[in-house]
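A quick write-up on the structure given underneath.
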Amino acid sequence: MTTCRKIVNWRTYLRFPPEAEAALTPAARDFISRLLSDVEERLGSHGGASEIKSHPFFAGVDWQRLYDAKPPYRPALEHELDTQVG
């Protein structure tokens, strides 16, 4: 509930801590900021999924072959509802 409240009230709560500023690329920070914004400025509000897919954060992603790509990590699952970590 707290997380939901912070998302809804993003103007008050959205701050990138110094460690995030150092770790995130400008494209990543812009992507997050443009998803958590007023609908008039929100990424995807005017161009749908294509607007999101063309954001610099996704530069280099081959959307046509995404399902054919080998994931960098594939966890071993015990069953289809397995959510364990490690």
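The values are calculated or read from the model by the stated rules, or taken from the named source; none is laboratory data. All of these numbers come straight from a predicted model, not from anything done at the bench. Because the Cβ atoms are built from the backbone with ideal geometry, glycine has one as well, and the counts that use them run over all protein chains shown. Keep in mind that these areas ignore ligands, DNA and RNA; they rest on the heavy atoms of the full protein, side chains included. Shrake-Rupley method; radii C 1.70, N 1.55, O 1.52, S 1.80 Å.
Results, tabulated for the structure shown:
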read-out	value
Selection from region 39-63 of residues that are loosely packed, with under 11 Cβ neighbours inside 10 Å and of a type in the set (Asp, Glu)	Glu40, Glu41, Asp62
Filtered residues of region 25-38 (kept if closer than 19 Å to Asn9 by Cβ and loosely packed, with under 11 Cβ neighbours inside 10 Å)	Asp38
Any hit, region 70-86, residues being free of Cβ contacts under 8 Å to residues at least 24 places away in the same chain, open to solvent by 100 Å² or more (accessible area, probe 1.4 Å) and on the phi > 0 side of the Ramachandran plot	yes
Failed condition for Arg15, given (1) surrounded by 10 or more Cβ atoms within 10 Å (Cβ to Cβ); (2) among the charged types (D, E, K, R); (3) free of Cβ contacts under 8 Å to residues at least 12 places away in the same chain	(1)
